[in-house]
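In what follows, a single structure is set out as structure tokens and then discussed.
Just so it is clear, none of the values below were taken in a lab; they were calculated from the coordinates. Keep in mind the model is a prediction, meaning the values are calculated, not measured. As a convention, Cβ positions derive from the backbone with ideal geometry for all residues, glycine included, and neighbour counts pool all protein chains shown.
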């Protein structure tokens, strides 16, 4: 559950910055006034993006104020969806798919590399505080298994060599280009189909 229930240093206060406030204004215009509480998910996402990839309790309370709902209603949503992080994840939050297609294609090797390069345990920050990792259910890219998501980007068609390159990139802030690490375009077959003349 994306860092949930892990102790974190909680800030006493949270305020949305000017850029986020403008986005909130635009978001709220999409909902009738009496239904503005429906904007809880995009506001949680804004808070997470503004606060180093995690949502402190003070932000949950601030969203409750903006939407005029008890903050426990906001907290219920934040704890239900795995895309919201309630504890620090670091600059790079790595989610490794370990469902059947990825497992068959070697996601266990990617998990072992997470343990080696990031931290022995899931949802724990690396020693440098830069990253954390988590095993997750299907991320919807089964055809290019095994794969992982880092923040908003997918890294697909992984093997141990390409995964090591990614983990070293995390340490140096030089991640390779997202997408297939084999150079495959879209979901084309691994081997190009050709027409054979009769």
Based on the Cβ-Cβ distance of residue 174 and residue 72, what FRET efficiency does E = 1/(1 + (r/R0)^6) give at R0 = 35 Å, to the nearest 0.05?
0.25
Please arrange 157, 12 by counting, for each residue, the other beta carbons lying within 10 Å of its beta carbon, fewest first.
12, 157
Between residue 138 and residue 165, with labels modelled 7 Å along Cα→Cβ, what's the label distance in nm to one decimal, could you check?
2.9 nm
Region 26-111, relative contact order [Cα under 8 Å, separation at least 6], %
25 percent
Label residue 49 and residue 184 with points 7 Å out from Cα along Cα→Cβ: what is the distance between them in nm?
3.0 nm
Taking 166-178, 120-132, 89-101, 36-48 and ranking on average Cβ neighbours within 10 Å, highest first, one gets 89-101, 36-48, 120-132, 166-178
Relative exposure of 63, 72, 118, judged by other C-beta atoms within 10 Å (fewest first):
72, 118, 63
One finds the C-alpha centres of region 79-109 and region 112-156 to be spaced, in Å, by 5 Å
Cβ density ranking, 10 Å radius, fewest first, applied to 104, 27 yields 104, 27
Would you calculate a helix-derived [θ] at 222 nm for the chain, using -39,500 (n - 2.57) for each DSSP H run of n ≥ 4 and dividing by the full residue count, to the nearest 500?
-11000 deg cm²/dmol
